[in-house]
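Below: the structure, in structure tokens.
The values are calculated or read from the model by the stated rules, or taken from the named source; none is laboratory data. Fair warning: this is a prediction, and the values are worked out from it, not measured in the lab. Neighbour counts are summed over all protein chains in view; Cβ atoms, including those assigned to glycine, are modelled from backbone coordinates with ideal geometry. Heavy atoms of the whole protein, side chains included, go into the accessibility calculation; ligands, DNA and RNA do not. Shrake-Rupley method; radii C 1.70, N 1.55, O 1.52, S 1.80 Å.
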Amino acid sequence: MIEFTLWDIVRNLLLATRWTVLLSLAAFVGGALVGMAVLFFRISKHTWSRRLASAYIALFQGTPLLMQLFLMFFGLPMLGLRIEPWTAAVLGLTFFASAYLAEIWRSGVNALPRGQWDAGASLGLHYLQELRLIILPQAFSITRAPTVGFLVQLIKSTALTSIIGFEELVRTSNAINNATFEPFKVYGLVALIFFLMCFPLTQYARSLEKRAAVR
């Protein structure tokens, strides 16, 4: 058994936390960009676009994230695409996040009265201008709380990437625990770190919900 001081454990966990935070941000930004494209398809006037977006959302919401990560990491190399754990983790979480964010934002679009669309048309705006200037800003304002709430879920979901070999917080904690045999100390600190990352976001999401309720 290797001797680790408390500071050694904390220091290594904090270093690994950087990768958890970076992965969360990369997946959230990537998920937002892809999710925006899926949203455009989902609210399109064309039936085939809506069906395609619905199938995409159903696929990534209806299958376990772990299976999606496995397909990225183990499946793509069989097609001749060399992929590293970081890339597989970002891609898997990006597609996962995009499906949920597209639906969150679609709920905001659907919550707007039809009069908002009619107002844009009366001003002579075409469809994309209506979306950019009238519909999407209001939809994003309505859905800020659930969007932040999903970010909390995404941060916690990064723990699954340890299974495919990505050196984030959980995988590092497993290595430390295997060396120290102190699971309560090691995993207790991991739980505390996740709590410190997620709790402020959870409180922020609740404050956004309260503001929305007052309006």
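Structure notes:
- Residue count for the stretch 30-50 under the criterion of being more than 17 Å from R132 (Cβ to Cβ) and surrounded by fewer than 13 Cβ atoms within 10 Å (Cβ to Cβ): the result is 3.
- Long-range neighbours under 8 Å by Cβ, at least six apart or interchain, first residue farther than 21 Å from L169 by Cα and of a type in the set (V, I, T) within the stretch 15-41, second open to solvent by 20 Å² or more (accessible area, probe 1.4 Å) and assigned to a helix (DSSP H, G or I): V34/F95; V38/Y56
- Yes/no for A212 being modelled with pLDDT under 90, more than 30 Å from L66 (Cβ to Cβ), assigned to a helix (DSSP H, G or I) and open to solvent by less than 60 Å² (accessible area, probe 1.4 Å): yes
Listed here are the residues, each with its yes/no results for (1) of a type in the set (S, T, Y); (2) at pLDDT 95 or above; (3) under 22 Å from F199 (Cβ atoms).
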residue: T94; (1), (2), (3): yes, yes, no
residue: A119; (1), (2), (3): no, no, no
residue: G124; (1), (2), (3): no, no, no
residue: G149; (1), (2), (3): no, yes, yes
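- Every pair of residues 6+ apart whose Cβ atoms lie under 7 Å, when the first sits in the stretch 65-81 and is open to solvent by 50 Å² or more (accessible area, probe 1.4 Å) while the second is not in a helix (DSSP H, G or I): P77/I83
- Some residue of the stretch 36-54 being of a type outside the set (A, V, I, L, M) and closer than 28 Å to T20 by Cα: no
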